[in-house]
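Below is one structure, written out as structure tokens; comments come after it.
The values are calculated or read from the model by the stated rules, or taken from the named source; none is laboratory data. As the structure is a computational prediction, the values presented were derived from the model and not from experiment. Neighbour counts run over all protein chains shown; Cβ positions are idealised from the backbone, glycine included. All accessible areas refer to the heavy atoms of the entire protein, side chains included, with ligands and DNA or RNA removed. Shrake-Rupley method; radii C 1.70, N 1.55, O 1.52, S 1.80 Å.
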Amino acid sequence: MSQQVPQPTPSRPGQPGQMTAVMRAVAPVTGPKVLRIGLVQGGKVIEERVIKQRTHVTIGPSEKSMFVIPSKSIPPSFRLFELVGGEYFLNFLDGMTGRVAFKAGVSELSAIKSSAKRAPASNGNAYQVQLTEEARGKIVVGETTFLFQFVAPPPVQPKPQLPVSVKTGIANDIDWTTTIIAAFSFLFHFGAVGSIYSDWMDPVVDDEVDVAALLESVKQLPPPPVVEQPKENPDAPAASAAPAAEAPKAAGGGNKGAAAGPAKGSGGMNDARASALTNELAQLDMQMLGALNSSGNATASVLSSGDVPTGLLENAAASGSGVGKGGVAGLNMGGAGGGTVRPGAAGGGGLASIGNTGASGPATAGSAQTVKGPVGNAQVGGAAVSGGSVSNAPSIVAGMTAGFRRCYNKGLQEDPSMKGSVRITAKIGPNGEVISATPSGGSGLSGTVVSCVVARVQSAQFAPPEGGGATVVIPVTFVSQ
């Protein structure tokens with residue numbers, strides 16, 4: 001089996017490689033030493049801190065101090081170690097105890113006071129002693145002990161770096177060549193399909209040009225061919241027209257001149273002959289109506305079942321006014337074709353006697369008789385006003401009487417025997433409007449009448465009441481007349 005050798009991780013330009021970062025972290029750090037301070041309370045080290053950046057170390061009860069201790073014998077933020085000109089100095093007060101180890105030996109703070117530099121402080125005198133990098137010791141402030149020494153600064157930790165697979169991201173894994181080709185392919189195909197369905201490639205249609213071209217094309221059409229009519233054969237016999245039917249000869253001497261009136265070769269009757277025939281038919285209709293008079297059963301049969309007895313028609317035909325032979329069109333209407341036919345002259349009165357024309361009584365058949373219903377009356381009692389004063393309450397309530405009467409009359413159309421009384425309690429608003437109308441009582445009255453009365457009260461407008469509001473009670477009694 002072959003063992004895979006790990007490949008070094010490629011680095012970006014301008015950044016150190018992984019091996020260089022490790023070597024820099026392991027290499028000793030040169031430069032001035034820094035303070036290492038331990039905080040002891042109750043015989044236990046409760047905090048240890050390396051001051052990586054050379055700066056002032058403050059103690060005190062203030063939250064802004066680097067080490068917060070509950071002591072009232074020192075200022076809120078006292079510089080225990082002060083950095084002056086790149087060198088550390090130890091500052092201590094009269095109430096502080098401890099000892100410091102120098103190159104020459106260990107000295108108590110009380111012994112150092114004689115050779116220390118004095119500086120004014122808020123809580124008594126302060127003493128200042130310069131420290132070297134070989135110095136170490138302890139300072140007791142109340143119940144808290146500070147242990148200090150100078151140590152080499154810790155190595156700078158390399159900045160965490162992400163793996164190359166994470167740094168590259170998704171963009172480095174994309175095959176840009178294939179992606180660009182696919183994008184152009186999609187654009188080309190969708191553009192082709194869009195151009196097919198769009199109208200920008202269609203030719204511009206000009207109606208005037210098209211109409212002019214159509215007219216020119218019509219002008220250029222060849223004329224239609226001439227169809228030659230077949231020549232007539234002079235030897236062929238001419239078609240003979242069918243002879244017109246002659247009208248029957250009229251019987252009798254009175255209308256002979258009229259029967260001979262049509263012109264020769266016309267094949268029909270003239271206007272005079274047609275008018276005479278129309279008059280004969282009209283006279284026949286009048287004779288038939290004359291047979292259906294009120295003296296027989298014909299009128300009653302026609303009005304009841306629509307049947308006319310054939311015996312009456314036979315009698316009418318056999319009478320002197322019946323249809324006879326002769327006349328203008330071969331019909332003789334009464335009196336053997338002589339004289340003028342009058343309605344009713346054939347006996348029985350004809351049209352003159354149809355129906356009842358006597359004066360025995362007024363003709364009332366089919367006339368509508370109007371039945372007058374009961375009429376109601378509304379009696380409005382005195383309006384009782386409470387809760388305020390309404391100046392025009394009596395006049396407004398009196399003006400509602402006509403509306404109440406109309407409501408009652410509409411109710412009487414449904415129930416003629418209805419009567420009763422109702423009491424309306426109306427609440428008047430500050431502007432005189434009716435806020436609400438509540439009915440009470442209403443015995444004997446229908447809901448329609450009560451609702452109509454309430455609606456009439458709600459539509460009323462009173463004068464603005466004094467005091468901002470009022471209540472008006474309106475009693476109404478309805479009695480039919």
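Based on what the data block shows, is residue 79 without any contact (Cβ under 8 Å) to a residue 24 or more places away in the chain, assigned to a strand (DSSP E or B) and open to solvent by 20 Å² or more (accessible area, probe 1.4 Å)? Break it down into steps so the answer makes sense when it comes.
Values: without any contact (Cβ under 8 Å) to a residue 24 or more places away in the chain: yes; assigned to a strand (DSSP E or B): yes; open to solvent by 20 Å² or more (accessible area, probe 1.4 Å): yes.
The answer is yes for residue 79.
If you check residue 44 against the conditions, is it charged (D, E, K, R), more than 30 Å from residue 134 (Cβ to Cβ) and either modelled with pLDDT of 90 or more or open to solvent by less than 60 Å² (accessible area, probe 1.4 Å) (or both)?
No: the conditions fail for residue 44.
If you scan region 469-481, which residues turn out to be more than 17 Å from residue 392 (Cβ to Cβ) and surrounded by fewer than 18 Cβ atoms within 10 Å (Cβ to Cβ)? Before the answer, list the steps.
Step one: list which residues in region 469-481 are more than 17 Å from residue 392 (Cβ to Cβ), which gives 475-481.
475, 477, 479, 480, 481 - these are the residues of region 469-481 that are more than 17 Å from residue 392 (Cβ to Cβ) and surrounded by fewer than 18 Cβ atoms within 10 Å (Cβ to Cβ).
Filter region 403-440 for residues that are assigned to a helix (DSSP H, G or I) and farther than 15 Å from residue 454 by Cβ and give the result. So that I can check it myself, show each step before the final result.
Here is the first cut: in region 403-440, the ones assigned to a helix (DSSP H, G or I) are 403-414.
Across region 403-440, the qualifying residues are 405, 409, 412, 413, 414.
Would you mind telling me which numbered condition in (1) in contact (Cβ under 8 Å) with a residue 60 or more places away in the chain; (2) outside any loop (DSSP other than H, G, I, E, B); (3) under 45 Å from the mean Cα position of the chain (by Cα); (4) farther than 19 Å from residue 374 by Cα residue 474 fails?
The failed condition is (3).
For region 434-467, which residues satisfy the criterion of being open to solvent by 40 Å² or more (accessible area, probe 1.4 Å) and more than 12 Å from residue 422 (Cβ to Cβ)? Break it down into steps so the answer makes sense when it comes.
Filtering region 434-467 for residues open to solvent by 40 Å² or more (accessible area, probe 1.4 Å) gives 435, 438-441, 443-444, 447-448, 451-452, 455-456, 458-459, 461, 464, 466-467.
Result: 435, 448, 455, 458, 459, 461, 464, 466, 467.
Please work out if residue 479 is touching a helix residue (DSSP H, G or I) at 6+ places or on another chain (Cβ under 6 Å) and in contact (Cβ under 8 Å) with a residue 12 or more places away in the chain. Can you show your working first?
On the way: touching a helix residue (DSSP H, G or I) at 6+ places or on another chain (Cβ under 6 Å): no; in contact (Cβ under 8 Å) with a residue 12 or more places away in the chain: yes.
The answer is no for residue 479.
Could you list all residues from region 441-458 that are more than 21 Å from residue 382 (Cβ to Cβ) and of a type in the set (Gly, Ala, Ser)?
Applying the first criterion (more than 21 Å from residue 382 (Cβ to Cβ)) to region 441-458 yields 444, 446-449, 451-452, 455.
Scanning region 441-458 gives 444, 446, 447, 451, 455.
I'm trying to understand the selection: among the residues of region 82-92, which are part of a strand (DSSP E or B) and touching a residue at least 24 places away in the same chain (Cβ under 8 Å)?
Taking region 82-92 as the starting set, the residues that turn out to be part of a strand (DSSP E or B) are 82-84, 87-92.
Correct list: 82, 83, 87, 88, 89, 90, 91, 92.
Within 28 Å of residue 156 (Cα to Cα) and open to solvent by less than 20 Å² (accessible area, probe 1.4 Å): is that true of residue 38 in this structure?
On the way: within 28 Å of residue 156 (Cα to Cα): yes; open to solvent by less than 20 Å² (accessible area, probe 1.4 Å): yes.
In short, yes.
Which of the residues spanning region 407-424 are out of contact with any Pro (no Cβ under 8 Å at 6 or more places or on another chain) and surrounded by 13 or more Cβ atoms within 10 Å (Cβ to Cβ)?
407, 408, 409, 410, 411, 415, 418, 419, 420
Assess whether residue 399 counts as being at positive phi and at pLDDT below 90.
Numbers: at positive phi: no; at pLDDT below 90: yes.
Taking the combined requirement at face value, the residue does not satisfy it.
Tell me which strands (runs of 3 or more DSSP E) are completely within region 107-162 and hold 3 or more residues being in contact with a strand residue (DSSP E or B) (Cβ under 7 Å, 6 or more places away or on another chain), touching a residue at least 40 places away in the same chain (Cβ under 8 Å) and surrounded by fewer than 17 Cβ atoms within 10 Å (Cβ to Cβ), or say none if there are none.
Details: elements: 117-121, 124-130, 136-141, 144-151.
Qualifying strands (runs of 3 or more DSSP E): 144-151.
Out of 208, 216, which single residue is part of a helix (DSSP H, G or I), charged (D, E, K, R), loosely packed, with under 10 Cβ neighbours inside 10 Å and modelled with pLDDT of 80 or more?
Working: 208 fails: modelled with pLDDT of 80 or more.
Result: 216 is the single residue among 208, 216 that is part of a helix (DSSP H, G or I), charged (D, E, K, R), loosely packed, with under 10 Cβ neighbours inside 10 Å and modelled with pLDDT of 80 or more.
For (1) farther than 16 Å from residue 377 by Cα; (2) in contact (Cβ under 8 Å) with a residue 60 or more places away in the chain, each residue gets a yes or a no:
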{"residue": "394", "(1), (2)": "yes, no"}
{"residue": "418", "(1), (2)": "no, yes"}
{"residue": "429", "(1), (2)": "yes, no"}
{"residue": "436", "(1), (2)": "yes, no"}
{"residue": "439", "(1), (2)": "yes, no"}
{"residue": "468", "(1), (2)": "yes, yes"}
